[in-house]
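To start, the structure under review is shown below, and the notes come after it.
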Amino acid sequence: EMIATFVGYFAISISSLLLPFLLAFAGGTMLYVICDEMIPETHAHGFQKIATYGLLIGFMTLLFIENFL
């Protein structure tokens with residue numbers, strides 16, 4: 001039990017240091033998926049302006065929520 005206690009303690013201390021980097025990696029991965037798959041799909045079917053406006057409105061909403069709420 002003592003060995004598992006020390007392994008758990010060090011695993012938590014390491015994961016708390018790596019958590020910001022892992023979350024940034026996950027966010028970057030989601031941005032890649034959106035840029036690689038969703039944006040070209042919406043632009044391929046003639047919805048360029050609506051898709052661009054929707055992206056901008058969504059981004060501005062995100063900024064508003066983060067800053068003012």
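The values are calculated or read from the model by the stated rules, or taken from the named source; none is laboratory data. The structure displayed is predicted, hence computed values, not measured ones. Please note: Cβ atoms are built from the backbone with ideal geometry, for glycine as well, and neighbour counts cover all protein chains shown. Protein only, heavy atoms only, side chains kept; ligands, DNA and RNA dropped before computing areas. Shrake-Rupley method; radii C 1.70, N 1.55, O 1.52, S 1.80 Å.
Here S16 passes the criteria (1) open to solvent by 70 Å² or more (accessible area, probe 1.4 Å); (2) among the small types (G, A, S); (3) outside any helix (DSSP H, G or I) except the one numbered (3). Being surrounded by 10 or more Cβ atoms within 10 Å (Cβ to Cβ) and either small (G, A, S) or at negative phi (or both) is a property that holds for I39. Just one of the listed residues (G46, G27) is open to solvent by less than 80 Å² (accessible area, probe 1.4 Å), out of contact with any helix residue (DSSP H, G or I) (no Cβ under 9 Å at 6 or more places or on another chain) and not in a helix (DSSP H, G or I), and it is G46. The C-beta contact set for the range 1-30 (first residue on the phi < 0 side of the Ramachandran plot, second residue at pLDDT 80 or above and open to solvent by 90 Å² or more (accessible area, probe 1.4 Å), distance under 9 angstrom, 6+ apart or interchain) comprises S15/L22.
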